[in-house]
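First comes the structure, then the notes that go with it.
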Amino acid sequence: MINRARIDRLGFWLFWPGMAALLLPFAGVRRSRIALPDAQSLSNTFGNWGYVAGAVYLAVLLAFVVRLSPVWRVGLGGLLCVALVLVTGRGAHLLAPDVAPYGRVSPGAGAWLALAVAGLLWADAMVRLRPPPLWRLATGGAVLGGVCTLIASGYLDDLSVIVEYHNRARSFWSEARAHILLALGSFGVACLIGLPLGLWAAKSRAIRGPLASVLTGLQTIPSIAMFGLMIVPLGWVAANVPGAGAIGISGIGMAPAFLALVLYALLPVVSNTEAGLRAVPPATEEAARAMGLNARQRLWQVEIPLALPVLLTGARIVLVQNIGLATVGALIGAGGFGAFVFQGLGQSAVDLILLGTIPTVALAFMTALLLDTAVALCRKDHR
Amino acid sequence: MIEIKGLSKIYNGERVVDHADMQLETGTITVIVGTSGSGKSTLLRMINRLIDADEGTVLIDGQDTRDMGLDALRRRIGYVIQDHGLFPHWTVARNVATVPKLLGWSAPDIKARVREMLETFQLDPDRYGPRFPHELSGGQAQRVGVARALAARPDMLLMDEPFGALDPVIRAQAQDELRTVQKQFGATVLMVTHDMAEALSLGDKIAVMNAGKIVQIGPPEEIVTRPANPFVRSLIAATDRPFRRLALIGLEDHIVSGTAQGPAIAPDASLADALSQMIWSGRDALPVVDAQTAPDAPAHKIITLRDVLRLGQAQ
């Protein structure tokens, strides 16, 4: 008998949804990209091999119910995720000829649920393993690299999202560039404005309150309204300032979206700069003055290095927020992954929505991971 | 020599430092004692111009501090505060190198100086140099703070309650060490404390401050035996005065010939130490033996209770 103490709680509770995934459809087959899906089970797809795959899957889930060491759980969870993706891709390959050439095969509810369960088990194991920061970053990079390799290998080519990607490969990468330019560029500009403002607010009590009110006010404007509001002033600038149109400024497109993102980013940049600088211990600050460091030396050698973890935390907030918000920019013609989302919404084409959503989430996730690593590394030296 | 002349600081119409005059001889320790709010820390900070004086001047070897560049002035003056103020993101070695680096010393000179300073403060440079301040004990951090202040051979050392955060045992060690290092470097020290015992044991000269004014300034014996006013007297609690006084007198000069039983006392102890041992062991004389030469040799030199009582009398 399995001792009660040997049962892993998360593994136990995830076992049930994991099992339920077998009862849900494995794949959805549609005659066209917007038709309603026709559900297919694992055994319909793979014949008897489907039962074998289901049994192996259940056995692995059962293994997670037992207390294993985190290393085993990470390995097993990772293998399970990879296997699920491969099986889904293979299934799509087997089902695709039935509905060629216009039909689509997408993962069904069961496949998504199984992947979510496996992903949770793996992520939980990673957390328990507590890898050092650089290892976490390397793992994130390896997962991303693995997914890209898998897509490039063509093994998943029959999955509807990948079909959608191949149909739009060229515009996908130009929208990706637009998205990154929008999110990173507006962050850069927000830093150029926000860092000096934050520095000023940290040194001067008088400016702190009013500045925070204005920036908080900006933050409360709903994003769709903000993007819309930017059209008016920039349209005016484009029409009335000579040369503005020539450098790409117009009422719609990249410029208003960029400006809106800059405005949203200002509050976190300014408040984190201010908080970081004000958290420098007074004794350290006084010692720096008494040692004869001048104002610039104090700023660059003492204040900024000590505020860096908080500054990087602010950068993480802003970048993740910008990567998400940049999606909305597509509404006013700024491009980015949002373009696929809104096209997909307009055409009721789920695959297209996913084509816009998945890279956005992946980009935000990798950025957060990168900055978390940077914060962890620069906190390591001092407390 | 550092001369402080008519130094005043006024906040909201109130003179927190009121016409302070003082002379610090090169190579001596001067201690400013006062209650909190007496203006002693403000006075200290006006010397390296962390606070600008409203009236009066500070002269270093005859030169007015206002005529020197602010940063240049501060790089000539070491500074130690209670919370050590070490830079938490720099290693111990980098902390000690702060001012030499600002002064543009060459890398080998800085490296050698950092080693020398850490060795002076009994911190193995190879072991402690690469550590970060949060990896040090309170006493070690304070020593690094003093080493950092002395690294660039400053004209003088300002210390604001430097040992205030240390426990009594560590504090006594730190005081001993400061005395040794101060003699070794011939440093001119101005220290602020609220602890009269610390002032009496460290100071060549003591200045007592009350409500912004220096009410008495003089050698420790004078403060103990001839307090200028009731405030100074109250700082040295009346019942403690004879002991304070005896603590300032070494017994070496008062040894007489004779014999005495029991454990001996070292010749560099104070009369207060001798009295304390006599009371504790119920003897009226103690053998005086240099522990290093012969701990168990028969003693012919003694210190007597009669002499201790006579020397402790009010004059």
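The values are calculated or read from the model by the stated rules, or taken from the named source; none is laboratory data. Every value quoted in this text rests on a predicted model; they were computed, and no experiment measured them. In this analysis, Cβ positions are derived from the backbone assuming ideal geometry, glycine residues included, and neighbour counts consider all displayed protein chains.
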Any hit, the range A:153-170, residues being loosely packed, with under 15 Cβ neighbours inside 10 Å, touching a residue at least 60 places away in the same chain (Cβ under 8 Å) and of a type outside the set (Phe, Trp, Tyr):
no
Considering only the range B:24-31, I want to know if a residue exists there that is over 14 Å from B:Met156 (Cα atoms) and surrounded by 15 or more Cβ atoms within 10 Å (Cβ to Cβ).
no
Consider B:Trp105 carefully, then state whether it is more than 12 Å from chain A (Cβ to nearest Cβ), in a loop (DSSP other than H, G, I, E, B) and out of contact with any Gly (no Cβ under 9 Å at 6 or more places or on another chain).
yes
Check the range B:109-122 and report whether any residue there is among the hydrophobic types (A, V, I, L, M, F, W, C), in the same structural domain as B:Ala149 (by TED's automatic domain parsing) and surrounded by fewer than 16 Cβ atoms within 10 Å (Cβ to Cβ).
yes
I'd like the full set of residues that are of a type in the set (D, E, K, R) and farther than 22 Å from A:Arg31 by Cα, limited to the range A:119-169.
A:Asp124, A:Arg128, A:Arg130, A:Arg136
Can you name the helices (runs of 4 or more DSSP H) wholly within the range A:217-322 that have at least 3 residues being more than 14 Å from chain B (Cβ to nearest Cβ)?
A:223-240, A:254-278
If I filter the range A:40-58 for residues that are more than 21 Å from A:Val105 (Cβ to Cβ), in the same structural domain as A:Arg128 (by TED's automatic domain parsing) and touching a Gly at 6+ places or on another chain (Cβ under 6 Å), do I get at least one hit?
no
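If you check A:Ala330 against the conditions, is it more than 13 Å from chain B (Cβ to nearest Cβ) and surrounded by fewer than 22 Cβ atoms within 10 Å (Cβ to Cβ)? Give the steps one after another, and end with the answer.
Details: more than 13 Å from chain B (Cβ to nearest Cβ): yes; surrounded by fewer than 22 Cβ atoms within 10 Å (Cβ to Cβ): no.
When the stated conditions are applied, A:Ala330 does not pass them.
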Of everything in the range B:151-208, what is β-branched (Val, Ile, Thr), in contact with a helix residue (DSSP H, G or I) (Cβ under 7 Å, 6 or more places away or on another chain) and at pLDDT below 90? Give them in sequence order.
B:Ile170, B:Val181
Which residue, of A:Ile317, A:Ile304, is assigned by TED's automatic domain parsing to the domain that holds A:Gly198 and within 16 Å of A:Ser223 (Cβ to Cβ)?
A:Ile317
Scanning for something charged (D, E, K, R), part of a loop (DSSP other than H, G, I, E, B) and touching a residue at least 12 places away in the same chain (Cβ under 8 Å), does the range B:28-46 turn up at least one residue?
no
The one condition A:Arg73 fails out of (1) charged (D, E, K, R); (2) farther than 22 Å from A:Arg130 by Cβ; (3) within 29 Å of the chain's Cα centre (by Cα) is (2)
Checking A:Val189 against (1) touching a helix residue (DSSP H, G or I) at 6+ places or on another chain (Cβ under 6 Å); (2) more than 13 Å from A:Leu263 (Cβ to Cβ); (3) of a type in the set (Val, Ile, Thr); (4) in a helix (DSSP H, G or I), only one condition comes out false. Which one?
(2)
Give all pairs with beta carbons closer than 8 Å in which a residue from the range B:80-100 that is of a type in the set (D, E, K, R) meets a residue that is assigned to a helix (DSSP H, G or I); count only pairs at least 6 apart in sequence or on separate chains.
B:Asp83/A:Ala283
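Condition check ((1) surrounded by 13 or more Cβ atoms within 10 Å (Cβ to Cβ); (2) polar (S, T, N, Q); (3) modelled with pLDDT of 85 or more) across all residues:
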residue: B:His254; (1), (2), (3): yes, no, yes
residue: B:Gln261; (1), (2), (3): no, yes, no
residue: B:Ala272; (1), (2), (3): yes, no, yes
residue: B:Asp284; (1), (2), (3): no, no, yes
Taking A:Ala206 as the residue in question, decide whether it is in a helix (DSSP H, G or I), touching a residue at least 24 places away in the same chain (Cβ under 8 Å) and at negative phi.
no
Would you check which residues across the range A:57-103 are exposed (fewer than 14 other Cβ atoms within 10 Å of the Cβ) and part of a loop (DSSP other than H, G, I, E, B) and list them?
A:Ser69, A:Ala100, A:Pro101, A:Tyr102
So, in the range B:190-238, how many residues would count as being more than 21 Å from B:Val146 (Cβ to Cβ) and in a helix (DSSP H, G or I)?
14
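Out of everything in the range B:93-102 that is of a type in the set (A, V, I, L, M) and surrounded by fewer than 22 Cβ atoms within 10 Å (Cβ to Cβ), what residue ends up being farthest from the other protein chains (Cβ to nearest Cβ)? Step through it out loud before you land on a result.
So in the range B:93-102, the residues of a type in the set (A, V, I, L, M) come out as B:93, B:96-97, B:99, B:102.
Checking the rest, the ones that are also surrounded by fewer than 22 Cβ atoms within 10 Å (Cβ to Cβ) come to B:93, B:102.
Values: B:Ala93: 14, B:Leu102: 6 Å.
Result: B:Ala93.
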Does the range B:61-119 hold any residues that are out of contact with any Leu (no Cβ under 9 Å at 6 or more places or on another chain) and among the aromatic types (Phe, Trp, Tyr), and which are they?
B:Trp90, B:Trp105
So in the range B:52-92, with the set limited to residues that are away from chain A (no Cβ under 14 Å) and assigned to a helix (DSSP H, G or I), which one is farthest from B:Leu166 (Cα to Cα)?
B:Asp67
Residues of the range B:131-175 being of a type in the set (Gly, Ala, Ser) and either within 14 Å of another protein chain (Cβ to nearest Cβ) or assigned to a helix (DSSP H, G or I) (or both), in sequence order, are B:Gly138, B:Gly139, B:Ala141, B:Gly145, B:Ala147, B:Ala149, B:Ala151, B:Ala152, B:Gly164, B:Ala165, B:Ala172, B:Ala174
